[in-house]
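Chemist: Pasting a structure here, questions to come.
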Amino acid sequence: MKAISAAKLYNLTDEDLMEQFQNGTIHAFNILVSRYKDRLHNFLYRYTHNHEDCEDLVQETFLRVHRSRHSYERIAKFSTWMYTIALNLAKSLYKKKQRMQKVSIHEDPDDSESREMVFEDSNVLQDEHLHQKLCVKELEKALMELNEEFREAIVLRDIQELTYEEIAEITGTAMGTVKSRINRGRQQLQEILNDYMKPETK
Amino acid sequence: MWVLEVKGFGYTNPDSLKISLLKPMYSHQFTEETIDDIILQYSDESFSFRDAIWFEVLLKQKPEYYKVAQTNREIRNSLQSLPKLKAAPGFEARLAMRIESEC
């Protein structure tokens with residue numbers, strides 16, 4: 001493939017950019033980073049619930065893309081390949097945290113003074129914002145309580161908006177299993193949310 | 001009396017046509033996989049006319065799935081409306097530094 005101008009790189013598909021990167025065009029990698037950095041943050045935060053860990057994982061994902069660029073083959077979609085790397089990293093971190101036990105998976109108490117989450121939509125009224133924050137908190141908390149297999153399928157589908165085929169490829173499971181996990185996961189999520197609504201009987 | 005003639009099928013009685021079209025559907029045996037498919041299509045809001053008919057047939061047989069489908073759709077909508085988290089400012093510069101030191 002011939003080297004092309006920086007301006008033209010922006011119009012290329014992810015797979016073409018990867019090919020350019022494999023041929024030594026560093027700027028192609030930078031474009032991939034700018035295309036996926038937010039999406040990866042949004043995805044990996046659902047595993048870490050901690051901004052620093054999340055950024056570390058996103059950096060680590062791009063670092064692995066950078067290092068393993070020559071092992072990428074065009075038969076796979078770039079995003080599927082990259083999400084597989086990210087998911088494996090997230091799972092390792094999650095297991096490590098579970099082994100440590102001392103660390104809460106809901107919220108890192110040491111993270112209280114870290115930077116605020118950056119939201120896309122900041123154009124909301126104060127009351128609405130407060131209500132929205134409460135709902136978001138409950139939903140995020142319920143998501144973290146889900147069975148791991150259900151959570152990954154739901155996050156990839158409902159938050160990352162990937163297709164069932166892509167999710168099957170990333171998680172290495174059959175499509176029927178993916179669909180079943182999404183259905184059951186959503187039911188379980190509703191049950192967890194219902195439990196939050198129940199008044200305490202103590 | 002009106003008689004319906006469908007060429008090629010040999011039906012001359014409208015009732016027999018109606019029965020032959022609906023009976024196999026209402027006695028259809030749904031598998032777990034087809035139920036998952038119908039519920040997902042409902043929650044994705046990507047129902048075709050045909051899917052809508054199958055959904056109705058499913059509910060005729062198993063009305064309990066209406067609540068399941070509703071819950072699925074509501075949960076999906078709630079998750080889709082979660083705020084989108086973005087990378088913190090300066091992310092690309094920090095990544096570049098890390099790549100420079102580790103690659």
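The values are calculated or read from the model by the stated rules, or taken from the named source; none is laboratory data. Note that the structure is predicted; figures quoted are calculated from it, not measured. Ideal geometry is used to build each Cβ from the backbone, glycine not excepted, and the neighbour counts take in all protein chains shown.
Chemist: Identify the single condition in (1) modelled with pLDDT under 95; (2) outside any loop (DSSP other than H, G, I, E, B); (3) within 17 Å of B:Asn77 (Cα to Cα); (4) among the charged types (D, E, K, R) that A:Glu161 does not satisfy, given that it satisfies every other one.
Modeler: (2)
Chemist: Taking A:Lys179 as the residue in question, decide whether it is at pLDDT 60 or above and under 18 Å from A:Asn42 (Cβ atoms).
Modeler: So A:Lys179 fails the test.
Chemist: Looking at (1) part of a loop (DSSP other than H, G, I, E, B); (2) modelled with pLDDT under 90; (3) surrounded by 14 or more Cβ atoms within 10 Å (Cβ to Cβ), can you tell me which one B:Leu17 breaks?
Modeler: In the conditions (1) part of a loop (DSSP other than H, G, I, E, B); (2) modelled with pLDDT under 90; (3) surrounded by 14 or more Cβ atoms within 10 Å (Cβ to Cβ), B:Leu17 misses (1) alone.
Chemist: Take the residues in the stretch B:55-82 that are in contact (Cβ under 8 Å) with a residue 24 or more places away in the chain and polar (S, T, N, Q); name whichever of them is farthest from the other protein chains (Cβ to nearest Cβ).
Modeler: By that ranking, first place goes to B:Gln61.
Chemist: Confirm whether A:Lys102 is surrounded by 16 or more Cβ atoms within 10 Å (Cβ to Cβ) and modelled with pLDDT under 85.
Modeler: Considered against the rule, which asks whether it is surrounded by 16 or more Cβ atoms within 10 Å (Cβ to Cβ) and modelled with pLDDT under 85, A:Lys102 comes out as no.
Chemist: Using beta carbons and a limit of 6 Å, which pairs, at least six apart or on different chains, have the first residue in the stretch A:149-175 and within 10 Å of another protein chain (Cβ to nearest Cβ) and the second one small (Gly, Ala, Ser)?
Modeler: Correct list of pairs: A:Ile154/A:Gly185; A:Met175/A:Ala168.
Chemist: Next up: What helices (runs of 4 or more DSSP H) completely inside the stretch A:1-91 contain at least 3 residues that are in contact with a Leu (Cβ under 9 Å, 6 or more places away or on another chain) and hydrophobic (A, V, I, L, M, F, W, C)?
Modeler: A:14-22, A:26-48, A:51-67
Chemist: Please work out which residue is surrounded by the most Cβ atoms within 10 Å (Cβ to Cβ), limiting yourself to the stretch B:32-49 and to residues that are part of a loop (DSSP other than H, G, I, E, B) and more than 10 Å from every other protein chain (Cβ to nearest Cβ). Break it down stepwise before answering.
Modeler: Step one: list which residues in the stretch B:32-49 are part of a loop (DSSP other than H, G, I, E, B), which gives B:44-48.
Retained after the next criterion (residues that are more than 10 Å from every other protein chain (Cβ to nearest Cβ)): B:45-48.
Numbers: B:Glu45: 9, B:Ser46: 9, B:Phe47: 14, B:Ser48: 9.
Residue satisfying both the conditions and the ranking: B:Phe47.
Chemist: On to the next question. When only residues in the stretch B:67-99 that are within 25 Å of the chain's Cα centre (by Cα) and part of a loop (DSSP other than H, G, I, E, B) count, which is nearest to A:Phe62 (Cα to Cα)?
Modeler: Taking the candidates together, the pick is B:Leu82.
Chemist: Within the stretch A:7-30, does at least one residue satisfy the condition of being without any contact (Cβ under 8 Å) to a residue 60 or more places away in the chain, out of contact with any Asp or Glu (no Cβ under 9 Å at 6 or more places or on another chain) and within 11 Å of another protein chain (Cβ to nearest Cβ)?
Modeler: Yes - at least one qualifying residue is present in the stretch A:7-30.
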